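Read the structure below first, then the notes.
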Amino acid sequence: MNHSLPHHHNDNDFDLMRHVPGPETVTAVSEAMKQLGDPTRLRIFWFLCHTEECVIDIASAVEMSSPAVSHHLRLLKSAGLITSRRNGKEMFYRAADTELVHSLHYFIEKIAMIHCPGEEE
């Protein structure tokens with residue numbers, strides 16, 4: 001039984017083992033997926049892919065307390081999914097500008113069949 005993927009290489013000269021992702025790559029992706037496995041963090045992440053907001057506004061958007069949102073933000077930030085900047089006494093958060101984050105954002109929207117605000121369906 002052949003279980004080849006659509007991009008399977010039938011070339012016998014192709015050394016697949018040399019191309020297996022390294023532990024660091026797999027760990028980073030695994031941690032990101034783990035954090036996005038929580039529905040609240042997934043909602044916050046999607047929201048921050050479209051805007052930069054402070055904790056109070058994020059809490060309002062997801063209908064949670066600020067301390068609860070702060071906890072989720074810490075986890076998303078430690079996974080490298082979001083960044084923060086200080087403006088006076090307030091911290092503002094947004095999605096990190098990385099290839100992984102862009103790919104995850106795209107993946108979420110395709111799976112959930114949602115579109116970025118302002119985009120045509």
- [ ] For Lys77, state whether it is basic (Lys, Arg) and either modelled with pLDDT under 95 or in contact with a Gly (Cβ under 7 Å, 6 or more places away or on another chain) (or both).
- [x] no
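A quick yes/no check of all residues on (1) under 16 Å from the mean Cα position of the chain (by Cα); (2) buried (at least 17 other Cβ atoms within 10 Å of the Cβ); (3) touching a residue at least 40 places away in the same chain (Cβ under 8 Å); (4) over 25 Å from Tyr106 (Cβ atoms):
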residue: Thr27; (1), (2), (3), (4): yes, no, no, no
residue: Glu31; (1), (2), (3), (4): yes, no, yes, no
residue: Lys34; (1), (2), (3), (4): yes, no, yes, no
residue: Pro39; (1), (2), (3), (4): yes, no, no, no
residue: Ala61; (1), (2), (3), (4): no, no, no, no
residue: Ser66; (1), (2), (3), (4): no, no, no, yes
residue: His71; (1), (2), (3), (4): no, no, no, yes
Open item on the list: Of all residues being touching a residue at least 40 places away in the same chain (Cβ under 8 Å) and assigned to a helix (DSSP H, G or I) in the range 79-102, which is farthest from the chain's Cα centre (by Cα)? Just the residue, please.
Closed with: Leu100
Open item on the list: With the structure loaded, tell me whether Ala32 is modelled with pLDDT of 95 or more and part of a helix (DSSP H, G or I) or whether it fails that test.
Closed with: no
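The values are calculated or read from the model by the stated rules, or taken from the named source; none is laboratory data. None of these values were measured; they are calculated from a predicted model. Glycine gets a Cβ as well: all are built from the backbone with ideal geometry, and neighbour counts include every protein chain shown.
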